[in-house]
Amino acid sequence: MTPIFSPEAVVSSHIFAQLPKDLSNEVFETLLHAEQLRIERIVSKGHSSPPDFWYDQAEHEWVLVLQGEAIVALEDKSITLKAGDYLNIPAHVKHRVEWTTPEQETIWLAIFY
C-alpha cells in the first residue's frame, strides 16, 4: 500500500516511477491525502468497470489521462480520453470506465475534492 502523505510532508517522486508489475487488477495509489483533497495515481491495462456497475461518488473527481487511452461512460454519453485529456465529474454523476488500452498501461491522475 502506498503511504498517505499529509500536505506538510515534503515528497518527491516521478508519476511514471515504480509502475506496478502485476496489473491483473486496476491499481489505485493515493499520492496525497488532505482534509478535502485526495490525489491518486490509477494504472489500468485493458480494465473496465464491471457490467452494470456505476460509480456514484460523494466527492467531485477530476481525472487526467497521462498515458494511454480510455473511454468513460456517463449516463447519457461516452467520452474518449487520450493522453493530455481531462474530465471533471461532479459528485453523484454516475459514471463508469468502458475501456482502457489493452496494449499499454493507461495512467490516470485523479483528484478528488
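May I ask you to list the residues in region 22-32 that are open to solvent by 40 Å² or more (accessible area, probe 1.4 Å) and either of a type outside the set (G, A, S) or within 16 Å of W62 (Cβ to Cβ) (or both)? Matches in region 22-32: D22, N25, E26, F28, L31, L32.
One line per residue, one yes/no per condition, for (1) assigned to a strand (DSSP E or B); (2) out of contact with any Lys or Arg (no Cβ under 6 Å at 6 or more places or on another chain); (3) farther than 26 Å from S12 by Cβ; (4) modelled with pLDDT under 95:
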{"position": "N88", "(1), (2), (3), (4)": "yes, yes, yes, no"}
{"position": "E98", "(1), (2), (3), (4)": "yes, yes, yes, no"}
{"position": "P102", "(1), (2), (3), (4)": "no, yes, yes, no"}
{"position": "A110", "(1), (2), (3), (4)": "yes, yes, no, no"}
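Is there a residue being surrounded by 14 or more Cβ atoms within 10 Å (Cβ to Cβ) and over 16 Å from the mean Cα position of the chain (by Cα) anywhere in region 4-21? There is at least one residue in region 4-21 that is surrounded by 14 or more Cβ atoms within 10 Å (Cβ to Cβ) and over 16 Å from the mean Cα position of the chain (by Cα). Given the structure, is V11 among the hydrophobic types (A, V, I, L, M, F, W, C) and in a strand (DSSP E or B)? Against the criterion (among the hydrophobic types (A, V, I, L, M, F, W, C) and in a strand (DSSP E or B)), V11 does not qualify.
A quick yes/no check of all residues on (1) over 13 Å from the mean Cα position of the chain (by Cα); (2) among the charged types (D, E, K, R):
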{"position": "V27", "(1), (2)": "no, no"}
{"position": "A34", "(1), (2)": "yes, no"}
{"position": "L37", "(1), (2)": "yes, no"}
{"position": "R41", "(1), (2)": "no, yes"}
{"position": "A91", "(1), (2)": "yes, no"}
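Could you list, in sequence order, all residues of region 29-53 that are closer than 17 Å to T100 by Cβ and either without any contact (Cβ under 8 Å) to a residue 40 or more places away in the chain or part of a loop (DSSP other than H, G, I, E, B) (or both)?
Taking region 29-53 and keeping what is closer than 17 Å to T100 by Cβ, we get 29, 40-51, 53.
Within region 29-53, E29, K45, G46, H47, S48, S49, P50, P51, F53 qualify.
The test for being over 13 Å from A110 (Cα atoms), open to solvent by 50 Å² or more (accessible area, probe 1.4 Å), of a type in the set (D, E) and modelled with pLDDT under 95 holds for E35.
Among the residues of region 61-86, count how many are closer than 19 Å to E26 by Cβ, without any contact (Cβ under 8 Å) to a residue 24 or more places away in the chain and not in a strand (DSSP E or B). Residues flagged as closer than 19 Å to E26 by Cβ, without any contact (Cβ under 8 Å) to a residue 24 or more places away in the chain and not in a strand (DSSP E or B) within region 61-86 amount to 2. Could you grab me the full set of residues in region 52-102 that are over 26 Å from F16 (Cβ atoms), surrounded by 15 or more Cβ atoms within 10 Å (Cβ to Cβ) and touching an Asp or Glu at 6+ places or on another chain (Cβ under 6 Å)? Residue satisfying the conditions is A73 alone.
The values are calculated or read from the model by the stated rules, or taken from the named source; none is laboratory data. Bear in mind that the values here come from a model prediction, so they are computed numbers and not experimental data. Neighbour counts are summed over all protein chains in view; Cβ atoms, including those assigned to glycine, are modelled from backbone coordinates with ideal geometry. Quick note on the areas: whole protein, heavy atoms, side chains included, nothing else; ligands and nucleic acids left out. Shrake-Rupley method; radii C 1.70, N 1.55, O 1.52, S 1.80 Å.
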